[in-house]
1. When Cβ neighbours within 10 Å are restricted to other protein chains, what is their mean count per residue of peptide B:382-392?
2. List the pair-distance distribution P(r) of the stretch A:294-340, using every Cα-Cα distance, as the percent of pairs falling in each 10 Å bin from 0 up to the bin containing the longest distance, rounded to whole percents.
3. Find the accessible area per residue for the stretch B:102-214; the probe is 1.4 Å, ligands and nucleic acids are left out, and the unit is Å².
4. Tell me the angle of helix A:228-246 to the major Cα principal axis of chain A, expressed in degrees between 0 and 90 and rounded to the nearest ten.
5. What do you get for GluC sites (Glu not before Pro) in the stretch B:168-256 restricted to DSSP loop and a cutoff of at most 14 other Cβ within 10 Å of the site's Cβ?
6. What is the ratio of the Cα radius of gyration of the stretch B:177-253 to 2.2 N^0.38 Å, where N is its residue count, to two decimals?
7. Just to confirm the number: angle between the C-alpha axis of helix B:388-407 and the first principal axis of chain B, 0 to 90 degrees, nearest 10?
8. Could you pull out the pairs from A:K392/B:K362; A:K362/B:K392; A:K310/A:K362; A:K168/A:K271 whose alpha carbons sit more than 29 Å apart here?
Protein chains: 2
Amino acid sequence: MNNRTAEIVSVGTELLLGELVDTNAAWIAGELRRLGYYVYYKTTVGDNRVRLAETIGRAFGRADLVVVSGGLGPTDDDLTREAIADVCGAVPHEHPELLRQLETMFASRGRPMPPGNRKQAWMIPGGRSLENPIGTAPGWWIERDGRTIVAMPGPPHEMKRMWNERVKPDLPKGSSILWDTTLHTIGIGEGNVAEMLAEFTTCANPSVATYARRHGVDVRVAAGAAGMEEARALARPVLAEVERRIGRFVYGRDEDTLAGAIGSMLASAGKTLSVIESVTGGLVADMLTDTPGASEWLKTAVVAYTRAAKEMNGVSAELLDVHGCVAEEIARAMAEAIRQRCGTDWSVATTGVAGPGEAEGKPVGLAFVAVTGPAGTRSMRLGWPGERRQVKERTANGALGLLLRILRGDSEP
Amino acid sequence: MNNRTAEIVSVGTELLLGELVDTNAAWIAGELRRLGYYVYYKTTVGDNRVRLAETIGRAFGRADLVVVSGGLGPTDDDLTREAIADVCGAVPHEHPELLRQLETMFASRGRPMPPGNRKQAWMIPGGRSLENPIGTAPGWWIERDGRTIVAMPGPPHEMKRMWNERVKPDLPKGSSILWDTTLHTIGIGEGNVAEMLAEFTTCANPSVATYARRHGVDVRVAAGAAGMEEARALARPVLAEVERRIGRFVYGRDEDTLAGAIGSMLASAGKTLSVIESVTGGLVADMLTDTPGASEWLKTAVVAYTRAAKEMNGVSAELLDVHGCVAEEIARAMAEAIRQRCGTDWSVATTGVAGPGEAEGKPVGLAFVAVTGPAGTRSMRLGWPGERRQVKERTANGALGLLLRILRGDSEP
């Protein structure tokens with residue numbers, strides 16, 4: 001069996017300074033693995049033409065495919081094009097059609113194109129450019145002696161879109177194709193999931209692995225075979241058994257999100273939602289509106305961060321006098337008030353202490369979430385200490401998780 | 001000047017599968033930079049003795065210090081010790097004192113030591129071990145011809161503790177200490193920044209580099225010298241000139257955020273803010289409430305995602321009939337209405353098309369932001385196609401950028 005090999009080269013001095021974690025390389029590695037490529041090395045190198053050419057050259061000398069990300073910007077520091085040209089012994093030229101596209105992109109924004117951006121229209125003989133519909137840096141696809149270099153821009157959105165639309169469809173597949181899927185769960189800990197799936201997690205093919213993530217526990221089922229259909233068939237019985245055992249905790253797969261699952265349920269039932277947030281400060285609404293079509297079911301969201309804003313949104317002053325702003329009763333009152341005011345079928349509310357300091361003598365991380373619906377109000381207490389952003393994220397996930405479980409009719413919150 | 005150079009080698013096949021992001025390498029890179037080491041390469045390599053030895057050997061041949069993390073476990077897959085021995089042409093032996101410590105550690109947990117763990121007591125001539133108080137894998141410190149290899153375990157807690165207690169105190173400092181700062185800008189593209197700073201971005205020390213980030217363009221100014229004060233003094237005139245040229249676009253440095261800069265200005269002036277968001281769907285509020293103390297100045301934030309919600313918040317039906325929801329006039333009306341309703345000093349509004357499909361015949365990415373204050377309303381058009389999340393992020397940054405520039409009294413938006 002002839003395994004295809006690939007290497008990943010991440011370009012950027014900032015990646016060597018410890019300021020940024022390189023998430024592109026891990027993402028690309030996962031993609032390559034699913035396409036059946038064996039990745040033996042990932043290298044990060046700074047914005048230095050000699051070191052860059054040396055690194056790309058070495059990778060090109062030992063792998064079938066080299067995937068480079070970064071260094072395609074318009075500045076003197078962006079040297080990926082120069083380095084690839086050096087490796088290929090070629091001289092870049094300005095490509096008229098690319099230049100025209102760049103100028104059009106700037107013109108559509110009503111801005112003149114800075115001269116530096118001209119190098120983004122460069123190409124070398126035998127190479128072709130990869131369209132970047134959401135940025136100014138086109139990618140490069142270079143072939144030499146049956147080997148390929150693909151260069152993509154560093155910003156993750158641009159890189160991923162280019163990969164999905166322009167790179168992946170054209171790459172030859174490796175001889176062992178991996179099929180995998182990830183199930184997302186809510187309301188169960190990693191230890192319990194692992195226990196429920198014990199005899200599968202030690203098998204190699206198909207493999208079952210659990211991961212504790214911010215949004216809940218993920219379960220990944222994977223199988224490798226000569227073709228995608230064979231791999232999928234190999235995984236199928238194991239996946240079915242995994243789903244049988246943990247299905248009631250599963251809310252989605254792969255790209256699915258908690259907000260997306262909620263949105264689908266509300267949209268298909270023709271129901272509406274309102275949101276009132278204190279501690280999460282807009283994050284619940286932000287997560288919900290990442291779902292296309294959210295305006296169909298998300299009627300209103302309010303950030304009632306202060307006591308006055310809570311009163312203005314219908315929480316009684318007396319209740320606030322008794323409990324303060326951070327209390328289960330307040331979360332419930334907030335959810336009930338916003339639902340009534342907006343006339344929605346459902347509502348969700350959050351309150352808590354984001355930190356860095358305690359509030360009302362209550363500790364950082366203490367939070368309450370509440371959901372009101374046709375059958376009344378349910379609420380939940382959360383309390384893990386953490387950084388401000390962590391507290392916001394955990395509380396927002398807790399609120400959406402409670403809403404989803406109630407929407408699904410789970411008996412326990 | 002003799003700059004000390006370092007390379008980072010991360011070991012582990014799992015890091016090449018795309019399931020894990022390598023956070024160790026970024027952390028170590030930051031530490032090395034502060035100690036005055038120049039890091040030119042980071043390499044990730046799998047659990048393969050030949051590839052591992054080749055990678056460590058190459059790094060050892062060109063850097064003063066090689067920092068390896070991972071591959072020190074007790075299994076057959078853990079090959080870092082073997083690879084370092086290969087690089088040094090040495091044969092590992094079992095170190096009696098290390099073996100005794102390992103056995104004691106297992107005994108204290110009431111467990112016999114599995115035979116596999118014996119290799120964790122290996123050492124090579126001339127090397128010394130690094131204590132690991134919270135795991136079974138001691139580290140290695142190897143010196144040859146004035147160069148050093150440090151190998152540490154992969155689990156981040158163990159690695160960081162070993163680094164802080166056993167590695168960092170003994171490392172020679174680089175002869176050149178790096179001082180650096182990053183300026184955050186808003187309202188200007190990378191090409192334009194690079195043009196304004198052209199003669200600096202090609203200098204090596206002090207160095208000036210630009211980076212396109214989600215929140216805007218960053219400019220990093222760095223200088224290396226024998227001591228921190230000298231480095232800072234070397235950077236000072238260049239930094240001053242950079243600030244003179246692009247200062248009106250700079251809103252903060254290093255850990256500062258756009259929301260934090262706005263919060264500081266509002267808090268120190270005793271002024272208040274209200275927010276009304278359509279296209280950004282809560283993201284503006286979320287960014288603002290990431291700033292501690294936001295409840296002092298953020299009075300209310302509303303997500304008015306639907307036409308009905310805009311009307312409910314005071315935008316006239318006639319205006320919506322004429323312009324639809326996505327129009328500069330609507331952003332302005334939203335900002336004016338929320339400011340009046342909440343009685344705040346300032347208000348900010350967003351409307352636009354997040355996608356994936358167009359709306360009202362208007363393209364994805366078209367967005368308008370408006371700010372109302374004591375002197376009236378200012379607004380801005382944005383229009384850069386992109387993924388839904390990107391559109392939200394760019395529009396939120398555009399809204400906060402406009403607000404900040406007006407708060408600072410900049411004449412141009």
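The values are calculated or read from the model by the stated rules, or taken from the named source; none is laboratory data. Since the model is a prediction, treat every value here as computed from it, not as a measurement. All Cβ positions, glycine included, derive from the backbone under ideal geometry; neighbour counts span all protein chains shown. Accessible surface is based on the protein model in full, side chains and every heavy atom, while ligands, DNA and RNA are left aside. Shrake-Rupley method; radii C 1.70, N 1.55, O 1.52, S 1.80 Å.
1. Mean shielding by partner chains, rounded to a whole number: 4.
2. The distribution over the stretch A:294-340 is 26, 54, 16, 4, given as percents.
3. Per-residue value: 45 Å².
4. 20
5. B:E255
6. Values: Rg = 11.9 Å, N = 77, 2.2 N^0.38 = 11.5 Å.
Here the Cα radius of gyration is 1.04 times the empirical estimate.
7. 70
8. Violating the 29 Å Cα-Cα cut-off are A:K392/B:K362; A:K362/B:K392; A:K168/A:K271.
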